[in-house]
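Each reported figure results from applying straightforward, stated rules to the coordinates on display, with no laboratory input. These numbers were taken from a predicted model, which means no experiment stands behind them.
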Amino acid sequence: MRVVLITGVIAVAVAALDAAALLVGWWWVTVLVAAVAVYRFAGKRVLLAVLAGTVVAWGASMAAQAGSQLGAVADLVAAMALNGRGLGWVVIVVSLVYALLLALAGSWVGGAARRLRRTEGVAEQEETLEAQHV
């Protein structure tokens, strides 16, 4: 029960931080939030919570910025980028996939930093043990 609660709190915190940053245009905060979350907490559930929070934040941010015209804005962008009509859903999907890739990159950095910290701790313990035996 405690793990589920912590995972939910992580997802809500990631969504809130990402959404607040996205509303002012700071898309790169997604990487930082994911890195900090995975650095602090380990596990597959944490990764899933980070990804869920990221998708919610990016979806909510797009909806908040475009208002009720999200589909029309996406269709316009698709018409300019893809030279086709009715492909706004592709723009939305690509945006959400991009958000997930940013979160995965940040998660990888956070996990690597956590493992590096753990490795340094083991090295310090070995040095202490060697010094005690000399």
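Taking every eigenvalue of the Cα gyration tensor of the chain, multiplying by 5 and rooting it, what semi-axes result, largest first, whole Å?
Listed largest to smallest, the semi-axes of the chain are 40, 15, 11 Å.
Quick query: amide H of residue 41 versus all other amide H atoms, modeled in the peptide plane; which residues come in under 5 Å with a sequence gap of 5 or more or a different chain?
none
Is any helix in the chain, taking whole DSSP H runs, at least 24 angstrom long along its axis by alpha carbon and on average at least 0.5 on the Kyte-Doolittle scale, and which ones?
Span-like helices, by this rule, are 2-23, 44-66.
Using the 2.2 N^0.38 Å rule of thumb for compact globular proteins, work out how the stretch 14-79 stacks up: its C-alpha Rg over that value, please.
Scaled against compact globular proteins, the figure is 1.26.
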